[in-house]
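The values are calculated or read from the model by the stated rules, or taken from the named source; none is laboratory data. Given the structure is predicted, the values throughout are model-derived calculations rather than measurements. Glycine also receives a Cβ, built like all others from the backbone with ideal geometry; neighbour counts cover every protein chain displayed. We work out accessible area using only protein heavy atoms, side chains counted, and drop any ligands, DNA or RNA first. Shrake-Rupley method; radii C 1.70, N 1.55, O 1.52, S 1.80 Å.
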Amino acid sequence: MFSRRWRFGWDRYSEVDLFTDRHETNTESLSQAIRAAVSEEPDADGSVLFGQMQGTVVGLRYYTGVVNQGEMVALVRQPQNPYDRNAVMVANVYGSQVGHIKRELAAAMAHVMDNNLAKVEGVVHSRTKNQFTMPVMLSFWGKEENKDAVIQGLARHGYKLNTDGNKGAGASMKSGPWSGTAPLPRKGLTIPLTAQELKNAFDNLFEGLMESKEGEKEAAEAVSTPLLPHQKQALSWMCACENKSELPPFWEKRGELYYNRLTCFSAKEVPERVRGGILADDMGLGKTLTTIALILTNFHKGKPLPVEKCSSPTKASANLRKAPKLEGSSSERDRTGVDDTAADSRCSDINQIEVICVDSPEAVEVESQKTSASQGKQKATKRKSKTEPPALLEDDGFAAALSGSTSGMSSKIKKTAKKATPAPGVETSSLSAEDLSARATLIICPLSVLSNWLDQFEQHVRPNVKLNLYLYYGSERNRSKKFLSSQDVVLTTYNVLSADFGNKSPLHGINWLRVVLDEGHVVRNPNTQMSKAVLDLKAQRRWILSGTPIQNSVKDLWVLLAFLRLKPFDVKDWWNRVIQRPVTQGDRVGIQNLQTLVKCITLRRTKTSEVNGRPLVSLPEKVVCVEQVKLTQEEREQYELARTEGRNTIRRYMAEGTVLRNYADVLAILMRLRQLCCHPDLLAKISSDLAAAATPAELRERLIEKLRLVLASGSDEECSVCLDSVRLPVITHCAHVYCRPCIAQVISTEKEMARCPLCRSEIKTNELVEFPPEEMEEEDSANSQNWRSSSKVDALMGNLRRLQFEDRSIKSLVVSQFTRFLTILETPLREHGFSFVRLDGTMSQKKRAQVIQEFQSSAPDSPVIMLLSLKAGGVGLNLTAASHVFLMDPAWNPAAEEQCIDRCHRLGQTKKVVVTKFIVKDSVEENMVQIQRQKQDLFEKAFGSKNADKKTSRIDDIKALMEL
DNA sequence: ACCGCCGGGTGCC
DNA sequence: ACCGCCGGGTGCC
């Protein structure tokens, strides 16, 4: 049985799932429920309003600010207050002290607040008649189960909470001074949105954001690639965002004061402007190019970035440009070495994009290969481009090397060298007064797109322009703040940033001109080190690039807004109170506010958007054709045998009602059939006896085998707790696969009662089985000696050879879910002299980048085929060199196939894209295609089906597949 | 006069 | 604070 807490989690899920992407949401809410059950902190969006009461704010005379009618205030406990350990401070939106709650009431509130029984929020009157005290309406929010404790706790001190939200209080609330605390829902006053309306509102949050964002801007001369109209538009918008003097959303000038419409707070100072925003264009629309254009086009005062230019780009420079970068063949490297010494100080031998950090994932070797002489040369070249005296740079590095403490030393140097740079610790207010000395743009991205940035800089910046770009990555990275802040661009990864954070991070000691978060949605959990590291960066301008700014729910937006320093939402409590909670509860005004907010800071176009009635981008045509494959007689016989056997087994489980209990077995049967459709050698050698295991060792052995089957399937098998792909997989004795941390949490939450979330069998931590470490891949069963073909292999080879005959330059992606199938395919490819590369999930990032680079190259000897595992990489992978895609086997999830096709059918593709899907006639594959189709319909209609439903529909799938 | 009352000083927690 | 509280001055009406 689920404990009560669990139920609570599910119930709550059914309320909020509308905000979330169907795929990950239910998970989210489940793990959220677990977290909520475990943690002490009451979760803001699960809170209910206990009631309200009026209190008194005293000590007002010490506040010099203005108090407005209906202004929202925060209540902050001050246990360290020397006059009263029960003190409760009343703070304004900026956190400044307005006053205190009077002593007796503070005593009552302290008890409630210190025991986390409720969160208290306040709304105040203006201070008209009395300059010493004022009334405050207090609202108490918390978890339902604490309601009584709060009411009684207050009653003990002689205070009565008005729990009647609908009548007495409600009437005055309509127009009264307390409207800011309006409890929800209020019958008869405001009708909350229906679930459907809410969902629509949320779906449309990022739509239609183009209004009043017209206007195009040409990129600076240094950008060599002509921008498409929509990119010029984006550039225009981004420049405007950076240069604008407008107030942030919801702020307006009222006389001498700046007033916030939502919180009714006003201040004398101009609220910090948000110089930046979210560029949320669909992938493929050129966010990277636009950002590069922004960097080069909009330096201080709207002028282009001052860059050195070389008068005559020689043909040598074109070659050289490629030199010290992330990837590149060794021959290229050698050439570079030669030219480096020969070409000496001519401008043309300075690389257009000078990637100074040689310690990139790949380039470690480069560094070690170089002679110390050439290293010296490289440094000399670098120095020339700087304005600082070279000795300083040297000393700095030297000092760092000696002391191991970069920051101490470099900050000393900085103070003497550059007075204009504010000392660390001076907060951002000094930044808003244009610090014209800030130069560098910091770009943070996931490791997987690091090489893409380097490529794009190289590709889009004119060869004669010298842009100082430093790759802050690798153990030898230069941690000198002086050095880093003098770059034009510093590129690093989220991991490096968070590893540095709190560890004398030089990145956090620099006042950046601009910080860009690429794939910004990766920081959405505010509790992670990564988010904290990102939020702690100091910058004048801040950008977020993301195709999917909301991954799961409204909550995801908070980190992004906090990063943009959008007052007052950069403080979590204010975000929760003013936006998140109202929205979660279906409050129309709340949703409106959220929409306004998003609109003000976001530019989003989709592939289907139009500019002036024309589609944004015109991609070349795409044709998808299905090629039926007929099995040979031998293959057919083997297939039918397996099918009959499997069908009988599944029939038995259905009759017994034990399908879920034997889920792994069922999957294994389907897997075997799918594998037989591809190639007989894909079949894992299944431990022969399927009879009940006699010994624990045997049981363990069999479970490991099943685990292998489930995982090796490459199908979109996910952990049923987090609904993400399984990480650190373990299998239970009932043969269900979960992430170890997920299931461990379930067990620890349910204590001795723990049961499998899928089949309710009892589970124990010590019975979880994981892969023995050495087990991972027993390779080379499919080596070339015993190699044999299959119908599908033949079909593919026929196509490839025909293509090759037609045009030797055509490149193809060959995609399978089974990495072992890819291995099998290597043999005939080699035999027929195809040059190919392979990309699968097991490869390191470094290797991946190298492979992609090779494949994308247009060199005559570059590979023409990429063997690609369906799930490898992820979004953002750019394989536009290919114009043909062969999908070797149908996937459960049609979206996965689409995504894969999109990797070559995207911006930059010049040829017509031809997709060929191989489907074995009269097989489980045909049925899978059928189910795919239904699924697409289903997905569009049924949103947020619960996990249980999901599994049930899986059973239906299985029935359909096996024609039961 | 070990009280009550008056009026000045004073003031968030 | 056009309050309440404190504590010193004062003392029938």
| note | Residue hits (the range A:597-633; of a type in the set (Ser, Thr, Tyr) and either modelled with pLDDT under 90 or exposed (fewer than 12 other Cβ atoms within 10 Å of the Cβ) (or both)) are A:Thr606, A:Thr608, A:Ser609, A:Ser618
| If you take the residues in the range A:102-123 that are closer than 17 Å to A:Gly51 by Cβ and more than 42 Å from the chain's Cα centre (by Cα), which one is nearest to DNA strand C (Cβ to nearest atom)? | A:Leu105
| Flag if A:Pro463 is assigned by TED's automatic domain parsing to the domain that holds A:Cys445, open to solvent by less than 10 Å² (accessible area, probe 1.4 Å) and farther than 21 Å from A:Leu561 by Cβ | no
| Among (1) at pLDDT below 95; (2) of a type in the set (Gly, Ala, Ser); (3) in the same structural domain as A:Val598 (by TED's automatic domain parsing) - the single one A:Ala267 does not satisfy | (3)
| message | If a residue counts only when it is farther than 21 Å from A:Glu926 by Cα, open to solvent by less than 10 Å² (accessible area, probe 1.4 Å) and not assigned by TED's automatic domain parsing to the domain that holds A:Glu519, which strands (runs of 3 or more DSSP E) contained entirely in the range A:791-898 have at least 1 such residues? | response | A:812-816, A:836-839, A:865-869
| task | Could you run through the range A:795-843 and say how many residues are of a type in the set (Gly, Ala, Ser) and without any contact (Cβ under 8 Å) to a residue 12 or more places away in the chain? | result | 2
| said: Looking at (1) closer than 30 Å to A:Glu926 by Cα; (2) out of contact with any strand residue (DSSP E or B) (no Cβ under 8 Å at 6 or more places or on another chain); (3) not aliphatic (A, V, I, L, M), which one does A:Gln628 not meet, given that it meets all the others? | reply: (2)
| query | With (1) away from DNA strand C (no atom under 16 Å from the Cβ); (2) among the aliphatic types (A, V, I, L, M); (3) open to solvent by less than 30 Å² (accessible area, probe 1.4 Å); (4) within 25 Å of A:Trp575 (Cβ to Cβ) as the list, and A:Val98 as the residue in question, which single condition is left unmet? | reply | (1)
| Hey, among the residues in the range A:61-88 that are within 16 Å of DNA strand C (Cβ to nearest atom) and open to solvent by less than 20 Å² (accessible area, probe 1.4 Å), which one's modelled with the lowest pLDDT? | A:Val67
| said: I'd like the full set of residues that are more than 16 Å from DNA strand B (Cβ to nearest atom), open to solvent by less than 60 Å² (accessible area, probe 1.4 Å) and part of a loop (DSSP other than H, G, I, E, B), limited to the range A:117-153. | reply: A:Leu117, A:Ala118, A:His125, A:Ser126, A:Lys143
| message | Of all residues being away from DNA strand C (no atom under 16 Å from the Cβ) and touching an Asp or Glu at 6+ places or on another chain (Cβ under 9 Å) in the range A:138-163, which is nearest to A:Asn576 (Cα to Cα)? Just the residue, please. | response | A:Trp141
